[in-house]
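K.L.:
Okay, handing you the structure first.
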Amino acid sequence: MTAAVPALEIRDAALRRDDRELWAGLDLTVQPGELIAVLGPSGSGKTTLLRAILGLESLSAGSITVLGERVEQRGSRRIGYIPQSRPLPPDTSLRGRDLVTLGVDGHRFGLPLPRRGERRRVDALIDAVGARAFADRPVGLLSGGEQQRLRVGQALADEPGLLLCDEPLTSLDLANQQAVVGLIDRHRREHDAAVLLVTHDINPVLGTVDRILYIANGRFTLGTPGEVLRSDVLTDLYGAHVFVLRAGDRLVVVGAPDAEASHHHHHEDRV
């Protein structure tokens, strides 16, 4: 039996921004069905890494391969992307279902009547993310959690083999965080999709993460949560005293320069 083609393969990658090298020598192989959380302080190059995988940012060295194909500037429909949860303006003229339709048929959006098959696909995605009750309301009037469910539906439209999530839980309350994590995790399990999820708080995803890529000061460490989320490992990475504290059933990183401490409860802790 042949081994599965990795969902994502990054080889000896380096990326500069202006005069600063964000990171170098990055090697990462993500298998189908694997969920990797990407952590690190602001400005460490987490979002830039996602942009490089999407073909929107050029590496200064190395290569990126997605599902066996080299990344190109135009991007790939085999990659789904969930952006940060930023509220849409109240006067946005799209309905909820229009946002999901962009994912199914972005290149022909605006034609008056989508083909019947596409309409069925949009309905199925709306149901999959639990958005039936608000799919026909203007998106600008929906809550942050409702908008983010629709963005997840849009990202899953092409049943991507690789799902990139850029802080998808920001500004969501705990219930909506858990709902969005559940939707991402279900897609991963049902489609054997790989997930790369950038977050500043590991707690909401701790129960579903396979490995953590932690980037800081142009360096990085990669391993299971138990290997990475340790005071000695993060102290070495930052070059400053960092403590990983267990507070009830959540983890808090303390003392890391510009690291955002988490303040969310999580019921499942596998570290």
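K.L.:
Can you name every residue in region 126-178 that is of a type in the set (D, E, K, R), within 23 Å of Ile202 (Cβ to Cβ) and outside any loop (DSSP other than H, G, I, E, B)?
P.N.:
Listed by number, the residues that qualify are Arg149, Arg151, Asp166.
Table: residues versus (1) crowded, with 20+ Cβ neighbours inside 10 Å; (2) modelled with pLDDT of 95 or more.
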{"site": "Leu156", "(1), (2)": "yes, no"}
{"site": "Leu163", "(1), (2)": "yes, yes"}
{"site": "Asn203", "(1), (2)": "yes, no"}
{"site": "Leu206", "(1), (2)": "yes, no"}
{"site": "Gly223", "(1), (2)": "no, yes"}
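K.L.:
Out of Leu251, Leu237, report the one residue that is within 23 Å of the chain's Cα centre (by Cα), assigned to a helix (DSSP H, G or I) and either at pLDDT below 90 or within 23 Å of Thr47 (Cα to Cα) (or both).
P.N.:
After applying the criteria, what remains is Leu237.
K.L.:
Still on this structure, please answer the following. Report, ordered by the first and then the second residue, all pairs with beta carbons closer than 8 Å, sequence separation of six or more or different chains, a first member in region 109-123 that is at pLDDT 70 or above, and a second member that is not in a helix (DSSP H, G or I).
P.N.:
Pairs found: Arg121/Ala157; Val122/Pro114.
K.L.:
Okay, moving on. Ala135 passes all but one of (1) in contact with a Gly (Cβ under 6 Å, 6 or more places away or on another chain); (2) without any contact (Cβ under 8 Å) to a residue 24 or more places away in the chain; which number fails?
P.N.:
In the conditions (1) in contact with a Gly (Cβ under 6 Å, 6 or more places away or on another chain); (2) without any contact (Cβ under 8 Å) to a residue 24 or more places away in the chain, Ala135 misses (2) alone.
K.L.:
Consider Ala175 carefully, then state whether it is of a type in the set (A, V, I, L, M, F, W, C), under 19 Å from Ile79 (Cβ atoms) and over 13 Å from the mean Cα position of the chain (by Cα).
P.N.:
Taking the combined requirement at face value, the residue does not satisfy it.
K.L.:
Out of region 51-70, which residues are outside any strand (DSSP E or B) and over 18 Å from the mean Cα position of the chain (by Cα)?
P.N.:
Passing the criteria: Ser58, Leu59, Ser60, Gly68.
The values are calculated or read from the model by the stated rules, or taken from the named source; none is laboratory data. Note that the structure is predicted; figures quoted are calculated from it, not measured. Positions of Cβ are generated from backbone atoms using ideal geometry, with glycine treated the same way; all protein chains shown enter the neighbour counts.
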